[in-house]
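First the structure, in the form of structure tokens, and then the observations on it.
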């Protein structure tokens, strides 16, 4: 965010201190010593001065990875923005989550690696975005119950999803739930069990149900709403 005549306030996600805010003084001047490094989606080694207030001061910054290919791909940039927004909303405190930091770095690396591609398993597509969000739910301790009915424990006839119950539900417990296709259920199971490079295949209706399941889980258990996983062009 712009601040004053030449400064900028940054939101940083770190492995040891979680989400922190810092001011970069003079960064908007043409001859800023930080150059163009303090921009979105850079992975940096940042030196910070901690004063009396909550706002830290950036005193140095070295680029670890600028994801150059990603910056030339509009769809990839949009996916990166949505990934960072999801992390910022779900992990908004200073509590450290090194695994989430590494997961986000991996996501940005994959978006950079596949910039400009548009295959069915593309990591910047709907499936890739939802697989990433499911892993964030797991890291936050909010992964939905998928192996049995979240209400009664029944392992057969799992036909719906309930955010309030916290997972899939059987036919006898489906009141208040929404229908869940078999391939939507399978996508969630596979996405949680695979790496980010192995995006499961699923139909467009199934992915819509997966996104609804993620949203319902977050609204009921974390009181968080995320922006849609992909833009209209996705």
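Sorting 105, 152 on the 10 Å Cβ count, fewest up front, what's the list?
Working: 105 16, 152 11.
Arranged by neighbour count, lowest to highest, 105, 152 become 152, 105.
Seen against the Cα atoms of the chain and their longest principal axis, helix 74-90 is set at about 80 degrees.
Protection proxy ranking, highest mean first, for peptides 186-194, 208-216, 11-19: 208-216, 186-194, 11-19, where packing is the per-residue count of other beta-carbon atoms within 10 Å, averaged. Taking 0.36 nm per residue of separation and subtracting the Cα-Cα distance, full extension of the segment from residue 9 to residue 189 would add 60.9 nm. In the calculated pair-distance distribution of the stretch 70-221, the portion above 23 angstrom amounts to 37 percent of the Cα-Cα pairs.
With each label modelled as a point 7 angstrom along the Cα→C-beta vector, the residue 95-residue 25 pair spans 3.4 nm. Sorting the segments 198-204, 80-86, 2-8 by their mean number of nearby beta carbons within 10 angstrom, highest to lowest, gives 80-86, 198-204, 2-8.
222 nm [θ] for the chain, helices only, -39500 (n - 2.57) per DSSP H run of 4+, per residue, to 500?
Helices in the chain give a 222 nm mean residue ellipticity of -11000 deg cm²/dmol.
Here the relative contact order of the stretch 70-221, from alpha carbon pairs under 8 Å that lie six or more residues apart, stands at 22 percent.
Placing a label point 7 Å from the Cα of residue 222 along the Cα-to-Cβ line, the residues of the stretch 140-164 whose backbone N sits under 19 Å from it are 140-146, 162-164.
For the chain, the longest principal axis of the alpha carbon atoms and the long axis of helix 126-139 meet at an angle near 90°.
A full extension of the chain between residue 50 and residue 81 corresponds to an added length of 8.4 nm, given 0.36 nm per residue minus the alpha carbon distance.
Since every read-out is calculated from the coordinates, none of them should be taken as a lab result. Please read these numbers as outputs of a predicted model, since none were measured by experiment. Cβ: placed from backbone, ideal geometry, glycine included. Neighbour counts: every protein chain shown.
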